[in-house]
Amino acid sequence: MATIARPRRSVLYMPGSNPRALDKARTLAADGLILDLEDAVAPDAKDAARAQVVEAVKAGGYGRRELLVRVNGLATPWFHADVAAAAASGADAILIPKVESADAVRLTEAIMVASGAPDTMAIWCMMETPRGILRAEEIATSSPRMAGFVMGTSDLAKDLHCAHTRDRLPMITSLGLCLLAARAHGLAALDGVYLDLNDDEGFEYSCRQGLELGFDGKTLIHPKTIDMANAVFAPSEKEIEWSKKIIAAHAEAASAGKGVVVVDGKLIENLHVENARRVVALAEQIAATA
(Lines give C-alpha, C1' and ligand atoms only; values in the text may rest on other atoms or scores of the structure.)
Protein backbone atom coordinates (compact mmCIF):
# COMPACT_ATOMS: atom_id res chain seq x y z
CA MET A 1 0.00 0.00 0.00
CA ALA A 2 1.51 3.35 -1.08
CA THR A 3 2.09 5.48 2.00
CA ILE A 4 4.69 8.18 1.47
CA ALA A 5 3.57 9.71 -1.82
CA ARG A 6 1.35 12.34 -0.20
CA PRO A 7 2.14 15.22 2.18
CA ARG A 8 1.71 14.46 5.86
CA ARG A 9 3.41 17.54 7.31
CA SER A 10 0.60 18.29 9.74
CA VAL A 11 -1.91 15.77 11.10
CA LEU A 12 -4.34 17.26 13.60
CA TYR A 13 -6.25 15.40 16.30
CA MET A 14 -9.93 16.41 16.36
CA PRO A 15 -12.29 15.27 19.15
CA GLY A 16 -15.01 13.08 17.72
CA SER A 17 -17.47 14.27 20.36
CA ASN A 18 -17.34 17.88 19.16
CA PRO A 19 -19.48 18.49 16.04
CA ARG A 20 -18.22 22.07 15.70
CA ALA A 21 -14.61 20.86 15.65
CA LEU A 22 -15.42 18.21 13.03
CA ASP A 23 -17.01 20.91 10.88
CA LYS A 24 -14.18 23.41 11.39
CA ALA A 25 -11.68 20.76 10.33
CA ARG A 26 -13.00 21.09 6.78
CA THR A 27 -11.46 24.57 6.58
CA LEU A 28 -8.05 23.94 8.16
CA ALA A 29 -4.76 23.71 6.26
CA ALA A 30 -3.72 20.41 7.85
CA ASP A 31 -2.58 17.64 5.52
CA GLY A 32 -4.43 15.08 7.62
CA LEU A 33 -6.94 14.73 10.44
CA ILE A 34 -7.21 12.14 13.19
CA LEU A 35 -10.89 12.00 14.13
CA ASP A 36 -10.53 10.77 17.67
CA LEU A 37 -12.85 8.36 19.47
CA GLU A 38 -10.30 7.49 22.14
CA ASP A 39 -8.51 9.90 24.50
CA ALA A 40 -10.48 12.99 23.49
CA VAL A 41 -13.87 11.42 24.27
CA ALA A 42 -15.36 10.73 27.71
CA PRO A 43 -16.70 7.19 28.32
CA ASP A 44 -20.34 8.30 28.39
CA ALA A 45 -19.92 10.09 25.03
CA LYS A 46 -18.27 7.23 23.10
CA ASP A 47 -21.36 6.02 21.24
CA ALA A 48 -22.47 9.51 20.26
CA ALA A 49 -18.96 10.44 19.12
CA ARG A 50 -18.77 7.36 16.92
CA ALA A 51 -22.02 8.28 15.20
CA GLN A 52 -20.93 11.89 14.76
CA VAL A 53 -17.58 10.96 13.22
CA VAL A 54 -19.16 8.52 10.76
CA GLU A 55 -21.78 11.10 9.81
CA ALA A 56 -19.13 13.79 9.31
CA VAL A 57 -16.92 11.60 7.12
CA LYS A 58 -19.85 10.44 5.02
CA ALA A 59 -21.00 14.05 4.58
CA GLY A 60 -17.63 14.85 3.00
CA GLY A 61 -16.22 18.30 2.42
CA TYR A 62 -12.74 17.46 3.75
CA GLY A 63 -11.15 17.81 0.34
CA ARG A 64 -7.59 16.56 0.01
CA ARG A 65 -7.15 15.96 3.75
CA GLU A 66 -6.26 12.41 4.76
CA LEU A 67 -8.82 11.14 7.28
CA LEU A 68 -7.85 8.68 10.00
CA VAL A 69 -10.34 7.50 12.61
CA ARG A 70 -8.68 6.63 15.91
CA VAL A 71 -10.72 3.89 17.52
CA ASN A 72 -10.73 2.82 21.14
CA GLY A 73 -8.32 0.09 22.21
CA LEU A 74 -8.81 -3.65 21.83
CA ALA A 75 -9.47 -4.16 25.53
CA THR A 76 -12.30 -1.63 25.65
CA PRO A 77 -16.01 -2.35 25.14
CA TRP A 78 -16.12 0.10 22.20
CA PHE A 79 -13.38 -1.37 20.00
CA HIS A 80 -15.42 -3.71 17.80
CA ALA A 81 -18.21 -1.20 17.16
CA ASP A 82 -15.69 1.57 16.46
CA VAL A 83 -13.82 -0.47 13.86
CA ALA A 84 -17.00 -1.72 12.22
CA ALA A 85 -18.43 1.78 11.94
CA ALA A 86 -15.19 3.37 10.74
CA ALA A 87 -14.72 0.61 8.15
CA ALA A 88 -17.88 1.68 6.36
CA SER A 89 -17.44 5.43 6.85
CA GLY A 90 -15.32 6.28 3.83
CA ALA A 91 -12.32 7.38 5.90
CA ASP A 92 -8.85 6.72 4.52
CA ALA A 93 -7.65 4.69 7.47
CA ILE A 94 -8.27 3.33 10.94
CA LEU A 95 -5.74 4.25 13.63
CA ILE A 96 -5.36 1.67 16.43
CA PRO A 97 -4.08 2.90 19.81
CA LYS A 98 -1.47 1.15 21.96
CA VAL A 99 -0.63 -1.54 19.43
CA GLU A 100 1.63 -4.22 20.92
CA SER A 101 1.42 -7.11 18.45
CA ALA A 102 0.72 -8.18 14.90
CA ASP A 103 -2.36 -10.01 16.19
CA ALA A 104 -3.93 -6.69 17.16
CA VAL A 105 -3.59 -5.48 13.58
CA ARG A 106 -4.90 -8.72 12.13
CA LEU A 107 -7.94 -8.67 14.44
CA THR A 108 -8.69 -5.11 13.36
CA GLU A 109 -8.35 -6.09 9.73
CA ALA A 110 -10.72 -9.04 10.15
CA ILE A 111 -13.40 -6.75 11.58
CA MET A 112 -12.80 -4.24 8.78
CA VAL A 113 -13.24 -6.90 6.10
CA ALA A 114 -16.37 -8.29 7.75
CA SER A 115 -17.76 -4.74 7.91
CA GLY A 116 -17.22 -4.01 4.23
CA ALA A 117 -14.04 -1.90 4.34
CA PRO A 118 -12.72 -1.22 0.83
CA ASP A 119 -9.37 -2.73 -0.12
CA THR A 120 -7.89 0.77 -0.19
CA MET A 121 -8.65 1.45 3.47
CA ALA A 122 -5.41 1.46 5.45
CA ILE A 123 -4.42 0.64 9.01
CA TRP A 124 -2.19 2.92 11.08
CA CYS A 125 -0.77 2.05 14.50
CA MET A 126 -0.06 4.16 17.55
CA MET A 127 3.39 3.25 18.85
CA GLU A 128 3.27 4.28 22.48
CA THR A 129 4.24 1.42 24.80
CA PRO A 130 7.57 -0.30 25.47
CA ARG A 131 6.21 -3.65 24.27
CA GLY A 132 4.90 -2.07 21.09
CA ILE A 133 8.22 -0.37 20.36
CA LEU A 134 10.12 -3.65 20.82
CA ARG A 135 7.75 -5.30 18.33
CA ALA A 136 7.83 -2.50 15.76
CA GLU A 137 8.98 -4.69 12.86
CA GLU A 138 6.46 -7.42 13.66
CA ILE A 139 3.72 -4.79 13.61
CA ALA A 140 5.05 -3.17 10.43
CA THR A 141 4.74 -6.46 8.54
CA SER A 142 1.44 -7.59 10.06
CA SER A 143 -0.87 -6.75 7.15
CA PRO A 144 -0.83 -5.45 3.56
CA ARG A 145 -3.09 -2.67 4.84
CA MET A 146 -0.40 -1.35 7.18
CA ALA A 147 0.38 2.21 6.14
CA GLY A 148 2.06 4.04 8.97
CA PHE A 149 3.13 4.57 12.56
CA VAL A 150 2.04 7.44 14.80
CA MET A 151 4.30 8.03 17.79
CA GLY A 152 2.46 8.40 21.09
CA THR A 153 5.26 10.11 22.96
CA SER A 154 3.21 11.21 25.98
CA ASP A 155 2.13 7.67 26.84
CA LEU A 156 5.59 6.38 26.01
CA ALA A 157 7.26 8.82 28.40
CA LYS A 158 4.83 7.73 31.13
CA ASP A 159 5.61 4.05 30.63
CA LEU A 160 9.36 4.61 30.38
CA HIS A 161 9.34 6.71 33.58
CA CYS A 162 11.47 9.19 31.63
CA ALA A 163 11.58 12.95 31.42
CA HIS A 164 9.92 14.62 28.44
CA THR A 165 12.86 16.91 27.71
CA ARG A 166 13.43 19.40 24.89
CA ASP A 167 15.88 17.09 23.10
CA ARG A 168 13.85 13.95 23.92
CA LEU A 169 17.03 11.97 24.52
CA PRO A 170 15.21 9.39 26.71
CA MET A 171 12.95 8.59 23.72
CA ILE A 172 15.49 8.64 20.88
CA THR A 173 15.91 4.86 20.93
CA SER A 174 12.15 4.31 20.68
CA LEU A 175 11.75 6.89 17.91
CA GLY A 176 14.64 5.36 16.01
CA LEU A 177 13.37 1.78 16.26
CA CYS A 178 10.00 2.80 14.87
CA LEU A 179 11.56 4.81 12.05
CA LEU A 180 13.80 1.88 11.14
CA ALA A 181 10.84 -0.50 10.97
CA ALA A 182 8.73 1.98 9.05
CA ARG A 183 11.37 2.76 6.43
CA ALA A 184 12.38 -0.89 6.07
CA HIS A 185 8.81 -1.75 5.08
CA GLY A 186 7.68 1.35 3.19
CA LEU A 187 5.49 2.87 5.90
CA ALA A 188 4.92 6.50 6.77
CA ALA A 189 5.95 7.77 10.22
CA LEU A 190 4.48 10.68 12.16
CA ASP A 191 6.11 12.29 15.17
CA GLY A 192 4.29 12.71 18.49
CA VAL A 193 2.51 15.81 19.76
CA TYR A 194 4.03 18.84 21.49
CA LEU A 195 1.97 19.68 24.56
CA ASP A 196 2.93 23.28 25.45
CA LEU A 197 0.77 25.48 23.21
CA ASN A 198 2.35 28.65 24.60
CA ASP A 199 5.90 27.62 23.63
CA ASP A 200 6.17 28.47 19.94
CA GLU A 201 9.95 28.23 19.95
CA GLY A 202 9.87 24.82 21.59
CA PHE A 203 7.28 23.59 19.11
CA GLU A 204 9.38 24.70 16.15
CA TYR A 205 12.42 22.99 17.67
CA SER A 206 10.41 19.79 18.11
CA CYS A 207 9.28 19.92 14.47
CA ARG A 208 12.82 20.45 13.22
CA GLN A 209 14.12 17.62 15.37
CA GLY A 210 11.40 15.35 13.99
CA LEU A 211 12.34 16.32 10.44
CA GLU A 212 16.02 15.65 11.12
CA LEU A 213 15.20 12.24 12.59
CA GLY A 214 13.28 11.35 9.43
CA PHE A 215 9.60 11.74 10.26
CA ASP A 216 7.15 12.69 7.51
CA GLY A 217 5.29 15.13 9.70
CA LYS A 218 3.97 16.06 13.13
CA THR A 219 0.78 15.14 14.95
CA LEU A 220 -0.87 18.23 16.40
CA ILE A 221 -3.36 19.12 19.13
CA HIS A 222 -4.29 22.67 18.10
CA PRO A 223 -4.97 24.37 14.74
CA LYS A 224 -2.62 27.24 15.55
CA THR A 225 0.37 24.91 15.12
CA ILE A 226 -0.53 23.81 11.58
CA ASP A 227 1.32 26.56 9.72
CA MET A 228 4.62 25.93 11.50
CA ALA A 229 4.46 22.18 10.94
CA ASN A 230 3.63 22.71 7.27
CA ALA A 231 6.56 25.10 6.88
CA VAL A 232 9.12 22.91 8.64
CA PHE A 233 8.21 19.60 6.98
CA ALA A 234 7.91 21.03 3.47
CA PRO A 235 10.99 21.01 1.21
CA SER A 236 12.59 24.44 1.05
CA GLU A 237 13.00 26.28 -2.24
CA LYS A 238 16.74 25.66 -1.95
CA GLU A 239 16.19 21.91 -1.53
CA ILE A 240 13.81 21.79 -4.48
CA GLU A 241 16.19 23.75 -6.72
CA TRP A 242 19.14 21.54 -5.75
CA SER A 243 17.11 18.36 -6.23
CA LYS A 244 16.03 19.37 -9.72
CA LYS A 245 19.60 20.34 -10.56
CA ILE A 246 21.12 17.00 -9.61
CA ILE A 247 18.31 15.05 -11.29
CA ALA A 248 19.02 16.84 -14.55
CA ALA A 249 22.80 16.48 -14.19
CA HIS A 250 22.58 12.80 -13.39
CA ALA A 251 20.25 12.17 -16.34
CA GLU A 252 22.71 13.93 -18.65
CA ALA A 253 25.59 11.88 -17.26
CA ALA A 254 23.62 8.65 -17.61
CA SER A 255 22.88 9.40 -21.25
CA ALA A 256 26.63 9.75 -21.76
CA GLY A 257 27.22 6.38 -20.12
CA LYS A 258 28.48 7.76 -16.78
CA GLY A 259 27.31 6.39 -13.45
CA VAL A 260 28.32 9.37 -11.33
CA VAL A 261 28.56 13.12 -11.84
CA VAL A 262 30.02 16.06 -9.91
CA VAL A 263 27.67 19.00 -9.28
CA ASP A 264 29.03 22.13 -7.59
CA GLY A 265 31.94 20.07 -6.29
CA LYS A 266 29.73 17.33 -4.82
CA LEU A 267 29.77 13.74 -6.04
CA ILE A 268 26.25 12.72 -7.07
CA GLU A 269 25.27 9.05 -7.26
CA ASN A 270 21.99 7.29 -7.85
CA LEU A 271 21.12 7.27 -4.14
CA HIS A 272 21.20 11.07 -4.12
CA VAL A 273 18.98 11.17 -7.18
CA GLU A 274 16.41 8.86 -5.58
CA ASN A 275 16.09 11.21 -2.62
CA ALA A 276 15.97 14.21 -4.95
CA ARG A 277 13.05 12.67 -6.82
CA ARG A 278 11.25 12.12 -3.52
CA VAL A 279 11.76 15.78 -2.57
CA VAL A 280 10.51 17.05 -5.93
CA ALA A 281 7.49 14.72 -5.88
CA LEU A 282 6.57 15.90 -2.37
CA ALA A 283 6.92 19.54 -3.39
CA GLU A 284 4.69 18.96 -6.41
CA GLN A 285 2.05 17.30 -4.24
CA ILE A 286 2.11 20.21 -1.80
CA ALA A 287 1.82 22.73 -4.64
CA ALA A 288 -1.07 20.81 -6.18
CA THR A 289 -3.08 20.86 -2.95
CA ALA A 290 -2.28 24.41 -1.84
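Filtering the stretch 108-133 to residues that are among the acidic types (Asp, Glu) and assigned to a loop (DSSP other than H, G, I, E, B) leaves 119, 128. Restrict the check to the stretch 17-26 and report whether at least one residue is outside the structural domain of residue 279 (by TED's automatic domain parsing), crowded, with 21+ Cβ neighbours inside 10 Å and among the basic types (Lys, Arg). So far as the stretch 17-26 goes, no, none of its residues is outside the structural domain of residue 279 (by TED's automatic domain parsing), crowded, with 21+ Cβ neighbours inside 10 Å and among the basic types (Lys, Arg). Annotation note: of 146, 121, the sole residue that is buried (at least 16 other Cβ atoms within 10 Å of the Cβ), among the hydrophobic types (A, V, I, L, M, F, W, C) and touching a residue at least 40 places away in the same chain (Cβ under 8 Å) is 146. For the stretch 59-107, filtered to residues that are part of a loop (DSSP other than H, G, I, E, B) and hydrophobic (A, V, I, L, M, F, W, C), the residue that is nearest to residue 36 (Cα to Cα) is 71. Six or more apart or on different chains, Cβ atoms under 8 Å: show the pairs whose first residue is in the stretch 257-278 and closer than 30 Å to residue 7 by Cβ and whose second is of a type in the set (Asp, Glu). Pairs that qualify, where the first residue is closer than 30 Å to residue 7 by Cβ and the partner is of a type in the set (Asp, Glu), are 261/252. Assessment of the stretch 96-116 against the conditions (farther than 30 Å from residue 58 by Cα and either under 19 Å from the mean Cα position of the chain (by Cα) or modelled with pLDDT of 95 or more (or both)) yields at least one matching residue. Residue check: residue 239 meets all listed conditions (1) touching a residue at least 40 places away in the same chain (Cβ under 8 Å); (2) on the phi > 0 side of the Ramachandran plot but one, namely (2). Taken together, the residues in the stretch 154-182 that are under 20 Å from residue 38 (Cα atoms) and surrounded by fewer than 22 Cβ atoms within 10 Å (Cβ to Cβ) amount to 5.
The values are calculated or read from the model by the stated rules, or taken from the named source; none is laboratory data. All figures in this text were calculated on a predicted structure; none of them were measured in a lab. Note: ideal-geometry Cβ built from the backbone for every residue, glycine included; neighbour counts use all protein chains shown.
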